[in-house]
Amino acid sequence: MLDEQDFKKRADEALGTLRRLLMSAADDYGFDVDFNSGALGIEFEEPPAKFVISPNTPVRQIWVSAHARSYKLDWDVVENSFVHTESGKTLKDLIEDAIGKQVKEDVNL
C-alpha cells in the first residue's frame, strides 16, 4: 500500500492528467469539467448527469461516482495507474466508458 504522501502525489498526477484530457474533449462530447476541493466533476446537460472523481486518502483509493454506481480504484504498480480491481480498467478507461455510455458513442480521451 502507498504511504499517504506517495498516494497524494500519484492521485494529484492522475487527476491532473485526467482533467487535461477531459478539458480537451469537453466540447467534442458535450460536457463541462470542474475541479473543486480536490474532486473532479464531469457534468452533462442532456441527458442530465454528473460524475465525480475524488481521492480518498485514508483508504488510498480514487473513488468514481457515475451512473448511480461507485467505483473504487487502487494503485497498480504494474499498470502504473489507478485500476478498478473488479473490471481491471484503468481510471482513464473507466471514465471513457462512463462518458461513452452517457453520450451513446465511443469516447477516446
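Criterion applied to A14, A98, A49, A25 was being at pLDDT 95 or above and closer than 19 Å to D3 by Cβ, and the one residue passing it is A14.
Picking from residues in the range 1-58 that are among the polar types (S, T, N, Q) and out of contact with any helix residue (DSSP H, G or I) (no Cβ under 7 Å at 6 or more places or on another chain), the one that is surrounded by the most Cβ atoms within 10 Å (Cβ to Cβ) is S54.
Which members of the range 97-109 meet the condition of being part of a helix (DSSP H, G or I), surrounded by fewer than 19 Cβ atoms within 10 Å (Cβ to Cβ) and in contact (Cβ under 8 Å) with a residue 12 or more places away in the chain? Explain how you work it out, then say what you get.
We begin by selecting, within the range 97-109, every residue part of a helix (DSSP H, G or I); these are 97-103.
Still in the running and surrounded by fewer than 19 Cβ atoms within 10 Å (Cβ to Cβ): 97, 100-101, 103.
Within the range 97-109, K101, V103 meet the criteria.
Considering S65, S87, S70, the condition of being assigned to a strand (DSSP E or B) and either surrounded by 12 or more Cβ atoms within 10 Å (Cβ to Cβ) or at pLDDT below 95 (or both) is satisfied by S65 alone. Of the residues contained in the range 39-54, one or more are found to be β-branched (V, I, T), farther than 17 Å from V103 by Cα and touching a residue at least 24 places away in the same chain (Cβ under 8 Å).
K92 meets each of the listed conditions (1) over 20 Å from D28 (Cβ atoms); (2) at pLDDT 95 or above apart from (1).
The values are calculated or read from the model by the stated rules, or taken from the named source; none is laboratory data. Being a predicted model, the structure only gives us computed values, none of them experimental. Positions of Cβ are backbone-derived with ideal geometry, glycine not excepted, and every protein chain shown enters the neighbour counts.
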